[in-house]
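Worksheet for the structure shown next.
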Amino acid sequence: MIALAELLKVVVFSWLIGNGDLHGKNMSIYNPDGVWEPTPSYDLLCTQPYARWNDPIALNLFGRANTLTRNNFVEAGARLGVRTRATMNMIDRIIDSAIEWPDRCGEIGFDDLQTEHLKQMLRTRLASLK
């Protein structure tokens, strides 16, 4: 279950940052010492500027690929066998880590319009995870 919870964390994070390129090939688990664990995450980036800010998540979440909410991720976790409390705590940790990101978007180097789009996307998605 730990491996599934960690993979779900990658999905939540990727959706939050607007990563529309999270494919199955970017996520895997392995069993090095008899315990299943996720491989290190990679290719985690915001693809929205390249898709005119209309890029749904590549791997749908039990039929949903856009406008996801906390409840969608909690339900997905439950369907995968991850305890509800564990999923909610993981989402809360992501929110706590990302709460200041919208205010720091100007540090990335996008032009003003792209920066505003990114700020708005992050604010909207953070709110939907609360």
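The C-alpha atoms of the chain define a longest principal axis, and helix 84-98 lies at about 30 degrees to it. Computed from Cα atoms, the angle from the helix 70-80 axis to the main principal axis of the chain rounds to 20 degrees.
In straight-distance terms, cross-link reach from LYS119 covers every one of the lysines whose alpha-carbon lies under 25 Å from its own, apart from those fewer than eight places away in the same chain; here that gives LYS9, LYS130. Add +1 for every Lys or Arg and -1 for every Asp or Glu among the other residues with Cβ under 12 Å from the Cβ of VAL12, and state the total. It works out to a net charge of +2. The HN-Hα couplings worked out from phi for the range 37-43 by the Karplus form 6.51 cos²θ - 1.76 cosθ + 1.60 (θ = phi - 60°) are 8, x, 6, x, 6, 8, 6 Hz, whole numbers, x standing for Gly and Pro.
Summing charges over all other residues whose Cβ lies under 10 Å from the Cβ of PHE62, with Lys and Arg as +1 and Asp and Glu as -1, gives +1.
Per-peptide packing, taken as the mean over residues of other Cβ atoms within 10 Å, places 43-54, 104-115, 17-28 in the sequence 17-28, 43-54, 104-115 from highest down.
Here the relative contact order of the chain, from alpha carbon pairs under 8 Å that lie six or more residues apart, stands at 25 percent. Compute the angle between helix 112-129 and the longest alpha-carbon principal axis of the chain, please, reported from 0 to 90 degrees and rounded to the nearest 10. The angle comes out near 40 degrees. Between SER97 and GLU37, residue separation times 0.36 nm minus the direct Cα-Cα distance comes to 19.3 nm.
We did not get these values from a lab; they are worked out from the coordinates using the rules stated. If you're wondering where the values come from, they're calculated on a predicted model, not measured in any experiment. Here the Cβ is made from the backbone with ideal geometry for all residues, glycine too, and neighbour counts use every protein chain on show.
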